[in-house]
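The values are calculated or read from the model by the stated rules, or taken from the named source; none is laboratory data. Keep in mind the model is a prediction, meaning the values are calculated, not measured. Using ideal geometry, Cβ is built from the backbone for each residue, glycine included, and neighbour counts are taken over all protein chains shown. The accessibility values were calculated without ligands, DNA or RNA, using every heavy atom of the protein model including side chains. Shrake-Rupley method; radii C 1.70, N 1.55, O 1.52, S 1.80 Å.
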Amino acid sequence: MTGPDKHIKFPLNNYDKLCFLKNIVKNPNIIVGDYTYYDDFENVENFEKNVKYHFDFVDDKLIIGKFCMIASDVKFIMNGANHLTNSLSTYPFAIFGNGWENAMDGKSYPKKGNITIGNDVWIGYNATIMAGVTIGDGAIIATNATVIKDVAPYSIVGGNPAKEIKKRFSKEIISKLLALKWWNWDIEKITQNLQHLTGNEIKNITE
């Protein structure tokens, strides 16, 4: 055996509240890696509902790596939520037309970029990730955190706004893990190393 089939929606027998996310996402601007799962208390179809203000005409992307763990009610706030902030009014007059349609001539709404989630990232219940944020490989986002800036690899962040609580490992081990990129191994090699990947001694990893 080399693990569950990455192409199935529901990898746990008789349980439809956890899915391999790649297999349920329909929006082409949401890109998800293999084995990343989403757990929802009600319905896994809620995932795309929780990607907020994701309008086609903005053309921003939510990019999620492999082997990530995303808890229920995690929200991603995309660039469609942005308003002008350096103008006298933040009100979006132009969208209502009727003589207001030219209000944005020569102007554009702020665009902070894609949301990019690395590999092996754990995002806790009810966390919120804002537009333009990059979360590094191996990071942990605490329950109820609001992430407004980039998160370094293998760090734990929490709070509102989220701040780093600590690094998961020493700089030396983090550097080795980022070079190792185990999530890109073939599944047979990952399976052979499961005992080491669930341990804490990087020297035991078979490369």
From the list Asp34, Asp59, Asp16, which one is assigned to a loop (DSSP other than H, G, I, E, B), open to solvent by 40 Å² or more (accessible area, probe 1.4 Å), at pLDDT 95 or above and of a type outside the set (A, V, I, L, M)? Asp16
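Kindly provide the set of residues from the stretch 168-180 that are under 19 Å from the mean Cα position of the chain (by Cα) and free of Cβ contacts under 8 Å to residues at least 40 places away in the same chain, ordered by number.
Result: Arg168, single match.
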For the stretch 78-101, does any single residue satisfy the condition of being open to solvent by less than 60 Å² (accessible area, probe 1.4 Å), assigned to a strand (DSSP E or B), within 19 Å of Val151 (Cβ to Cβ) and not basic (Lys, Arg)? no
Among all residue pairs at least 6 apart or on different chains, which show Cβ distances below 8 Å where the first residue, located in the stretch 63-81, is in contact (Cβ under 8 Å) with a residue 40 or more places away in the chain and closer than 18 Å to Asp120 by Cα and the second is of a type in the set (D, E, K, R) and open to solvent by less than 20 Å² (accessible area, probe 1.4 Å)? Ser72/Asp40
Do any residues in the stretch 181-207 that are closer than 21 Å to Pro153 by Cα have Cβ atoms under 7 Å from those of residues that are among the β-branched types (Val, Ile, Thr) and not in a loop (DSSP other than H, G, I, E, B), where the two are at least six apart or on different chains, and which pairs are they? Trp182/Ile190; Ile202/Ile173
Only residues in the stretch 118-141 that are among the β-branched types (Val, Ile, Thr) count as the first member; pair them with residues that are assigned to a loop (DSSP other than H, G, I, E, B) and crowded, with 22+ Cβ neighbours inside 10 Å, Cβ under 6 angstrom, at least 6 apart or cross-chain, and list the lot. Val121/Cys68; Val121/Ala139; Ile123/Val74; Ile135/Gly118; Ile135/Val121; Ile141/Ala127
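Kindly evaluate Phe10 against the criterion of being touching a Cys at 6+ places or on another chain (Cβ under 9 Å), open to solvent by less than 60 Å² (accessible area, probe 1.4 Å) and either modelled with pLDDT under 95 or not in a strand (DSSP E or B) (or both).
Working: touching a Cys at 6+ places or on another chain (Cβ under 9 Å): yes; open to solvent by less than 60 Å² (accessible area, probe 1.4 Å): no; either modelled with pLDDT under 95 or not in a strand (DSSP E or B) (or both): yes.
Spelling it out, it is not the case that Phe10 is touching a Cys at 6+ places or on another chain (Cβ under 9 Å), open to solvent by less than 60 Å² (accessible area, probe 1.4 Å) and either modelled with pLDDT under 95 or not in a strand (DSSP E or B) (or both).
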Failed criterion for Ser89 (all others in (1) touching a residue at least 40 places away in the same chain (Cβ under 8 Å); (2) farther than 15 Å from Val25 by Cβ hold): (1)
